[in-house]
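The values are calculated or read from the model by the stated rules, or taken from the named source; none is laboratory data. As the structure is a prediction and not an experimental result, all values here were calculated from the model. Here the Cβ positions follow ideal geometry from the backbone for every residue, glycine too, while neighbour counts run over all protein chains shown. Ligands, DNA and RNA are stripped out before the accessible areas are found, and what is left, the full protein with its side chains, is counted by its heavy atoms. Shrake-Rupley method; radii C 1.70, N 1.55, O 1.52, S 1.80 Å.
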Amino acid sequence: WMDTEMDLEDALMDRPQVFKAGGHPFRLYYPTLGMSLLANRTLPVLSLIKENEYMDMAILNLCMERPMEAIRFIAIHTIRGRSRLIDGHSIDDRSKQIAGLLNVEDTATLIKAILRMSDAGRLIGHIGIEKDTRLLRKISEIREDGTTVTVGGRSIYGRLVSLACERYGWTPEYVVWEINLVSLRMMMADHVNTIHL
């Protein structure tokens, strides 16, 4: 419980996790939406290990089978800022920098840390927001009177980006590159919503 509370606070503060490799300090940043999309193109970790019930072993095997993609996945999470991430050269340079400093076990440990940092679902479950979501669905079913129709929300644009822009007055670029994804998902999931019955 305490670890999850601290993870929630770290995400809110956008506090990077520090690790050392070869005596050099590096920071793992909470991924933004843009960072997550880039990292997933490099190595779609969750889709590659989802069928395996032994996550630790699956990640270790992934790091052995695809070592350069695993290093690049980590490198992406150590870089902050749209311009540096879109550039590609920054990612290449960071990948080369850490490649010789990490063994397979270190790489797997860092990927597990990144997955934990990215797991908004765990935090949403911890707080109990999914109960509110189920209640909202139930209310929608009860109030189903045929007078309202909801459309849209079929992509990440409608489900997350435009909703955040509308609610907070942010630009799409700000939502994608400046707000960590865990905080963004928590803000969208845990906003106050009063329903008159």
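Details
- Region 168-182 - residue that is open to solvent by 20 Å² or more (accessible area, probe 1.4 Å) and part of a helix (DSSP H, G or I) and, of those, nearest to GLU9 (Cα to Cα): LEU181
- Yes/no for LEU85 being closer than 19 Å to LEU184 by Cα, open to solvent by less than 80 Å² (accessible area, probe 1.4 Å) and not hydroxyl-bearing (Ser, Thr, Tyr): no
- Of the residues making up region 102-118, just one is free of Cβ contacts under 8 Å to residues at least 24 places away in the same chain and either within 14 Å of VAL182 (Cα to Cα) or surrounded by 15 or more Cβ atoms within 10 Å (Cβ to Cβ) (or both), namely THR109.
- Just one of the listed residues (MET55, MET2) is modelled with pLDDT under 90 and within 14 Å of LEU110 (Cα to Cα), and it is MET55.
- GLU141 being exposed (fewer than 12 other Cβ atoms within 10 Å of the Cβ), among the acidic types (Asp, Glu), at pLDDT below 95 and in a helix (DSSP H, G or I): yes
- Members of region 76-109 found to be among the hydrophobic types (A, V, I, L, M, F, W, C), assigned to a helix (DSSP H, G or I) and farther than 21 Å from GLU173 by Cβ, listed by number: ILE98, ALA99, VAL104, ALA108
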